[in-house]
Amino acid sequence: MGATRKVVIIGSGPAGYTAAIYAARANLAPLQFIGAQFGGQLMLTTLVENYPGFVDGIDGPPLMEIFRKQAERFGTEMITDDVTAVDFSRRPLAVTAGEESYETHTVIIATGASAKLIGLENETKLMGRGVSTCATCDGFFFRDQDIMVVGGGDSAVEEALYLSRLGRKVDVVHRRDTLRASKIMQERAFKNSKIGFIWDSVVEDIRDPAQGKVTTVLLRNLKSGARSERPVDGLFVAIGHRPNTQIFHGQIEMHANGYIKVVPGTTETSVPGVFAAGDVQDFTYRQAVTAAGTGCMAALEAERYLEATHE
């Protein structure tokens with residue numbers, strides 16, 4: 001089991017790496033579980049133009065590599081194993097990865113969230129090349145182009161409204177004939193002349209990986225079974241996000257949607273010494289810069305907690 005750590009960080013997107021940078025610089029010798037798929041959702045993103053400090057933008061993977069190197073430079077110890085279990089009912093807290101168990105006085109959870117996908121092979125192949133899960137991240141690249149949004153909830157309508165300011169036309173594809181979005185959001189969308197709706201339909205295929213971009217989408221009407229093709233430049237999947245909180249069930253308080261509850265204005269969770277940063281506790285903003293900000297907050301709060309408890 002080894003010596004009890006001061007800080008263990010679980011996760012490695014902007015929140016996890018920023019927490020590591022701050023904790024390492026505070027001489028807390030953080031141990032960070034970056035997981036087998038390190039870097040978070042930015043690893044699925046091509047050009048990032050809204051992260052401050054990069055005038056011409058930067059691709060997601062190299063941006064995460066810079067974060068990682070910075071955290072390493074200050075002495076963060078990184079392990080590529082995925083954490084498989086935690087025990088927050090005991091002191092010190094326990095974190096298990098692989099065959100090993102680690103004791104720690106504080107834990108920063110930064111496991112993020114994953115966008116729910118349609119589940120098509122070409123969706124994965126064209127991710128970041130015309131397929132996106134974030135309008136505020138990628139909408140700019142589809143200025144004056146034809147855009148399609150898949151979904152019927154608030155997030156889908158919000159994406160469509162945002163994209164309507166940039167694209168030539170936005171079609172919302174929904175598997176039912178009514179939206180699930182709130183009435184006010186629906187009204188805004190129906191009033192918007194740039195937004196159209198394709199009801200009772202699903203996306204069956206996205207083309208064309210051979211060209212390295214989205215060219216057309218194959219749709220199927222669920223009532224008639226009829227198939228149709230639509231030329232489209234960008235496809236935004238907005239069917240929700242799933243927080244990566246499975247291993248924390250029963251250990252910590254969560255919202256009904258599975259995101260970790262924090263004390264407003266902090267990263268404190270229901271368990272003293274356990275902090276949550278980034279998309280694992282944020283279902284409102286979901287941006288790299290806000291995730292990094294809460295990663296900083298979590299590290300500072302962990303440092304203060306350690307000082308207050310003399311650990």
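Which aspartates and glutamates have a Cα less than 12 Å from the Cα of Lys261, not counting those fewer than 8 places away in the same chain?
Glu253, Asp279, Asp282
Just to verify a number: what accessible area does Met297 come out at with the full protein assembly present, 1.4 Å probe, Å² rounded to tens?
Result for Met297: roughly 70 Å² accessible.
In what sequence, largest accessible area first, do Tyr17, Tyr102, Tyr285 appear using a 1.4 Å probe?
Listed by decreasing accessible area, they come as Tyr285, Tyr102, Tyr17.
Can you give the accessible area of Ser224 in Å² (nearest 10), computed on protein heavy atoms with a 1.4 Å probe?
80 Å²
Taking 0.36 nm per intervening residue step and subtracting the Cα-Cα distance, what contour gain separates Ser101 from Val289 on full extension?
Length difference between fully extended and current span is 64.5 nm.
Let me have the relative contact order for the chain, percent, based on Cα pairs under 8 Å that are six or more residues apart.
21 percent
Could you pull the accessible area for Ser182 with a 1.4 Å probe, rounded to 10 Å²?
Number for this one is 50 Å².
Given the options Gly35, Gly250, Gly278, which has the most mean-square fluctuation in a GNM of the chain, springs set between C-alpha atoms less than 10 angstrom apart?
Gly250
How much net charge surrounds Val203 when only the other residues with a Cβ under 12 Å from the Cβ of Val203 are counted, with Lys and Arg +1 and Asp and Glu -1?
0
So how tilted is helix 154-164 from the main axis of the chain? Cα-based, degrees 0 to 90, rounded to 10.
In the chain, helix 154-164 runs at an angle near 60 degrees to the longest axis.
Looking only at Cβ-Cβ distances, which cysteines of the chain have no other cysteine closer than 4.7 Å?
Those would be Cys296, since no other cysteine Cβ in the chain comes under 4.7 Å of theirs.
Of all accessible surface on the chain at a 1.4 Å probe, what whole percent is carbon and sulfur?
Roughly 50 percent of what the probe reaches on the chain is carbon or sulfur.
By accessible area of protein heavy atoms, probe 1.4 Å, what ranking do His174, His310 get, highest first?
The ranking, largest first, comes out as His310, His174.
Leaving ligands, DNA and RNA out of it, rank Thr269, Thr84, Thr4 by accessible area with a 1.4 Å probe, largest first.
From most exposed to least exposed: Thr84, Thr4, Thr269.
Let's see if you can work this out: charge +1 on each Lys and Arg Cβ, -1 on each Asp and Glu Cβ, no other charges. What is the dipole magnitude of the chain about its Cα centre, in debye to the nearest 20?
In total the dipole reaches around 880 debye.
Please compute the length gained on full extension between Arg220 and Ser89, using 0.36 nm multiplied by the number of residues separating them and subtracting their Cα-Cα distance.
Gain in length upon complete extension: 42.2 nm.
How far is helix 14-25 tilted, in degrees, relative to the longest principal axis of the Cα atoms in the chain, given as a value from 0 to 90 rounded to the nearest 10?
Relative to the chain, helix 14-25 is tipped by roughly 20 degrees.
Let me have the 222 nm mean residue ellipticity of the chain computed from DSSP H runs of 4+ only, each contributing -39500 (n - 2.57), with the sum over all residues rounded to the nearest 500.
My calculation for the chain gives -7500 deg cm²/dmol from helical runs alone.
Considering the dipole of the chain built from charges on the beta carbon (Lys and Arg +1, Asp and Glu -1) around the Cα centre, which of Ile252, Leu300, Ile10 is farthest to its positive end?
Ile252
Stretched out fully, how many nm does the piece from Asn192 to Ala308 gain, at 0.36 nm a residue minus the Cα gap?
36.4 nm
Rounded to the nearest 20 debye, what is the charge dipole size of segment 246-311 about its Cα centre when +1 sits on each Lys and Arg Cβ and -1 on each Asp and Glu Cβ?
Computed about the Cα centre, the dipole is about 220 debye.
Using +1 at the C-beta of Lys and Arg and -1 at the C-beta of Asp and Glu, which of Thr45, Ala71, Val83 has the Cα lying farthest in the positive direction of the dipole of the chain?
Thr45
If you line up the long axis of helix 288-308 against the longest principal axis of the chain, both from Cα atoms, how many degrees apart are they, to the nearest 10?
On a 0 to 90 degree scale, this one is about 20.
Let a ≥ b ≥ c be the square roots of the eigenvalues of the Cα gyration tensor of segment 189-243; is it rounded (a/c under 1.5), or, if not, prolate (a/b larger than b/c) or oblate?
It is rounded, given that a/c, with a ≥ b ≥ c, falls under 1.5.
Measure out, as a whole number of angstrom, how far apart the alpha-carbon centroids of segment 61-81 and segment 217-257 sit.
So the two Cα centres are separated by 31 Å.
Under 14 Å from a point placed 7 Å out from the Cα of His249 along the Cα-to-Cβ direction: which residues of segment 69-99 have their backbone N that close?
Answer for this model: 85-86.
Please report, in debye to the nearest 20, how large the charge dipole of segment 89-188 is about its Cα centre when each Lys and Arg carries +1 at its beta carbon and each Asp and Glu carries -1 there.
The calculation lands at about 300 debye.
The values are calculated or read from the model by the stated rules, or taken from the named source; none is laboratory data. Computed from a predicted structure; not experimentally measured. Counting neighbours? That spans all protein chains shown, and the Cβs are built from the backbone with ideal geometry, glycine included. The protein model used for the area step is the full one, side chains on, heavy atoms only, and it has no ligands, DNA or RNA in it. Shrake-Rupley method; radii C 1.70, N 1.55, O 1.52, S 1.80 Å.
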